[in-house]
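Trainee: Pasting in a structure now, in structure tokens, and then I'll have a few things to ask.
The values are calculated or read from the model by the stated rules, or taken from the named source; none is laboratory data. Because the structure is predicted, anything quoted here is derived from the model rather than measured. Cβ sites come from the backbone with ideal geometry, for glycine too, and all protein chains shown count toward neighbours.
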Amino acid sequence: MKLLYFHQHFSTPQGSTGTRSYEMASRCVKEGHEVVLVCGSYNGGVTGLKQPYKNGQRTGFVDGIKIIEFNLAYSNRDGFLKRTWIFLQFAFRSIIIALTHDYDVLFATSTPLTAGIPGIFARWLRGKKFVFEVRDLWPELPKAMGVITNPFLLFLMSLLEYISYKSAHRLIGLSPGICEGIVVKGISVNKIIQIPNGCDLELFSKNIEPWRPAEILENDLVLIYSGTHGIANGLNALLDAEKELKKRKVSGYKIIFIGDGREKFTLQERVKKECLDNIIFLNPVSKEKLVGLFRSCDVGLQILANVPAFYYGTSPNKFFDYLAVALPVLTNYPGWVADLISRNNCGFTCEPGNAISLADEIEKVISTKNLLKLMGENAKKLAYKEFNRFDLSLSWVNWVIYGK
């Protein structure tokens, strides 16, 4: 079978961002199918193509996947209008490919929501099979966060969401809340499957040397947040907790922030202003180097803004990376991730939007350091039992290609 795969923010493991699409496309190739993957240029992403662009795009093969990369640079630091313009340009160029290329199935994954546009055209103008993967519920999430408030814009986004869902022959949701959100739009449950982000156990089992930043002492307990530094991530909650811990004169630990995003500079300025000396910021690194850093840490931090839509409506990459490397996880919001942590005794949970509660849990981590190894072992067991990416990618191929 020939699969045409659209993901604007694609990256191989050489990048510093999520690699779900690389893993799924690779599994498809290993199962004997042809894959053409269309993407843009994402900050932190590495497509594997190095030749110059010609007429705004470049093409080549990476690990058996044919990649078409548009010269459309995108960063989480970009403003709303710039990001919207890049999304629309990607959608327009993708429509042309969807209407001219030879393929059997078109697959598109969000975000952005505009990723579904080429699938809509392919379904109704060429009669092609269209499978749509929903990573976030738009516009529900930005509306709940107050990021988008314009009624007309929200209407247009809701309309695009509805048309994308109705046009797709099959859909994938990455979390229970996402699947429920699709059903609410009138889509039959028989057309939807949940395939969450998973644990890359092959990568996280490699013999990679642990490392720490120079300013961390050998005996320091280290908590790490890895991922985007944006509004949705609510990272000021960690700074509020650190401020409380400073008042309590708690010592012997460090908190690492590694990643990038629009809020990073603001967070760094606040740390300097309030002398929050136990917090260290690092720039993004490749996945392999990140594995080495994780191995020198004690706890992974799964932090999000206190928005109820997040509780069951996200499938955070970093959470599954923590599990894969046997790190206990501390999360600051309820929902399916917190439920997994509690049921499997693989970390800590606290009250949402409560800096005191988060500080209490961090202090608990420090005082119960002897229990972290057992929790880490439980995290690894959970990774193998329920979130092995090898098994999930096989389910993905069977659903996308064969509908079963």
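Trainee: Return only the number of the condition from (1) of a type outside the set (Lys, Arg); (2) buried (at least 16 other Cβ atoms within 10 Å of the Cβ); (3) modelled with pLDDT of 95 or more; (4) out of contact with any Asp or Glu (no Cβ under 7 Å at 6 or more places or on another chain) that Gly64 does not satisfy.
Mentor: (2)
Trainee: Take Lys272 and tell me if it is assigned to a helix (DSSP H, G or I), without any contact (Cβ under 8 Å) to a residue 40 or more places away in the chain and not assigned by TED's automatic domain parsing to the domain that holds Arg27.
Mentor: It is true that Lys272 is assigned to a helix (DSSP H, G or I), without any contact (Cβ under 8 Å) to a residue 40 or more places away in the chain and not assigned by TED's automatic domain parsing to the domain that holds Arg27.
Trainee: Looking only at region 284-324, which residues are of a type in the set (Val, Ile, Thr) and either in contact with a strand residue (DSSP E or B) (Cβ under 7 Å, 6 or more places away or on another chain) or closer than 26 Å to Lys373 by Cα (or both)?
Mentor: If the condition is that a residue be of a type in the set (Val, Ile, Thr) and either in contact with a strand residue (DSSP E or B) (Cβ under 7 Å, 6 or more places away or on another chain) or closer than 26 Å to Lys373 by Cα (or both), then Val285, Val291, Val299, Ile303 are the ones that fit.
Trainee: Also, quick follow-up: Sort out which residues of region 47-69 are free of Cβ contacts under 8 Å to residues at least 40 places away in the same chain and either assigned to a loop (DSSP other than H, G, I, E, B) or not assigned by TED's automatic domain parsing to the domain that holds Thr111 (or both), and write them in order of number.
Mentor: Residues satisfying the conditions are Thr47, Gly48, Leu49, Lys50, Gln51, Pro52, Tyr53, Asn55, Gly56, Gly64.
Trainee: Of all residues being in contact (Cβ under 8 Å) with a residue 12 or more places away in the chain and part of a helix (DSSP H, G or I) in region 93-114, which is surrounded by the fewest Cβ atoms within 10 Å (Cβ to Cβ)? Just the residue, please.
Mentor: Of everything passing the filter in region 93-114, Leu99 is surrounded by the fewest Cβ atoms within 10 Å (Cβ to Cβ).
Trainee: Next up: Of the numbered conditions (1) part of a strand (DSSP E or B); (2) within 21 Å of the chain's Cα centre (by Cα); (3) surrounded by fewer than 18 Cβ atoms within 10 Å (Cβ to Cβ), Arg77 satisfies every one except a single condition; which is it?
Mentor: All conditions pass for Arg77, except number (1).
Trainee: Further question on the same structure: Return the only residue of Glu202, Glu180 being part of a helix (DSSP H, G or I), within 24 Å of the chain's Cα centre (by Cα) and under 22 Å from Glu377 (Cα atoms).
Mentor: Result: Glu202 is the single residue among Glu202, Glu180 that is part of a helix (DSSP H, G or I), within 24 Å of the chain's Cα centre (by Cα) and under 22 Å from Glu377 (Cα atoms).
Trainee: Can you find a residue that is free of Cβ contacts under 8 Å to residues at least 60 places away in the same chain and either among the aromatic types (Phe, Trp, Tyr) or surrounded by fewer than 17 Cβ atoms within 10 Å (Cβ to Cβ) (or both) anywhere in region 115-124?
Mentor: Yes, region 115-124 has at least one match.
Trainee: How many residues, within region 337-355, are surrounded by fewer than 16 Cβ atoms within 10 Å (Cβ to Cβ) and touching a helix residue (DSSP H, G or I) at 6+ places or on another chain (Cβ under 6 Å)?
Mentor: Here the count works out to 2.
Trainee: Is it the case that some residue within region 247-259 is of a type in the set (Phe, Trp, Tyr) and surrounded by 19 or more Cβ atoms within 10 Å (Cβ to Cβ)?
Mentor: Yes.
Trainee: In the list Ile68, Ile120, Ile148, which residue meets the criterion of being among the β-branched types (Val, Ile, Thr), closer than 20 Å to Phe10 by Cα and over 19 Å from the mean Cα position of the chain (by Cα)?
Mentor: Being among the β-branched types (Val, Ile, Thr), closer than 20 Å to Phe10 by Cα and over 19 Å from the mean Cα position of the chain (by Cα) holds for just one of Ile68, Ile120, Ile148, which is Ile68.
Trainee: If I ask for residues that are among the hydroxyl-bearing types (Ser, Thr, Tyr) and closer than 14 Å to Gly18 by Cα, which ones from region 42-53 would you list?
Mentor: Scanning region 42-53 gives Tyr42, Thr47.
Trainee: If you don't mind, another one. Sort through Thr111, Thr100 and tell me the only one that's at pLDDT below 95, β-branched (Val, Ile, Thr) and either within 23 Å of the chain's Cα centre (by Cα) or not assigned by TED's automatic domain parsing to the domain that holds Pro316 (or both).
Mentor: Exactly one residue qualifies, and that residue is Thr111.
Trainee: Sticking with this one: Residue under question is Arg295, and the condition is that it be surrounded by fewer than 22 Cβ atoms within 10 Å (Cβ to Cβ), basic (Lys, Arg) and closer than 21 Å to Pro328 by Cβ; does it hold?
Mentor: It is true that Arg295 is surrounded by fewer than 22 Cβ atoms within 10 Å (Cβ to Cβ), basic (Lys, Arg) and closer than 21 Å to Pro328 by Cβ.
Trainee: Please report, ordered by residue number, the helices (runs of 4 or more DSSP H) entirely within region 299-352 with at least 2 residues that are under 17 Å from the mean Cα position of the chain (by Cα) and of a type in the set (Ser, Thr, Tyr).
Mentor: Ranges flagged: 308-313.
Trainee: Something else now. Quick check: anything in region 145-162 among the acidic types (Asp, Glu) and farther than 23 Å from Leu340 by Cβ?
Mentor: yes
Trainee: Turning to a different aspect of this structure: Just to be sure I understand, how many residues within region 89-144 are under 18 Å from Ile67 (Cβ atoms) and hydroxyl-bearing (Ser, Thr, Tyr)?
Mentor: Selection size over region 89-144: 4.
Trainee: Same structure, new question: Touching a residue at least 60 places away in the same chain (Cβ under 8 Å) and among the acidic types (Asp, Glu): does that describe Glu351?
Mentor: Taking the combined requirement at face value, the residue does not satisfy it.
Trainee: Can you pull out every residue in region 10-51 that is more than 23 Å from the chain's Cα centre (by Cα) and under 20 Å from Ile97 (Cβ atoms)?
Mentor: Residues satisfying the conditions are His33, Glu34, Gln51.
Trainee: Test Asn233 against the stated conditions and say whether it is in contact (Cβ under 8 Å) with a residue 60 or more places away in the chain, farther than 13 Å from Ile279 by Cα and touching a helix residue (DSSP H, G or I) at 6+ places or on another chain (Cβ under 7 Å).
Mentor: So Asn233 does not fit the description; no.
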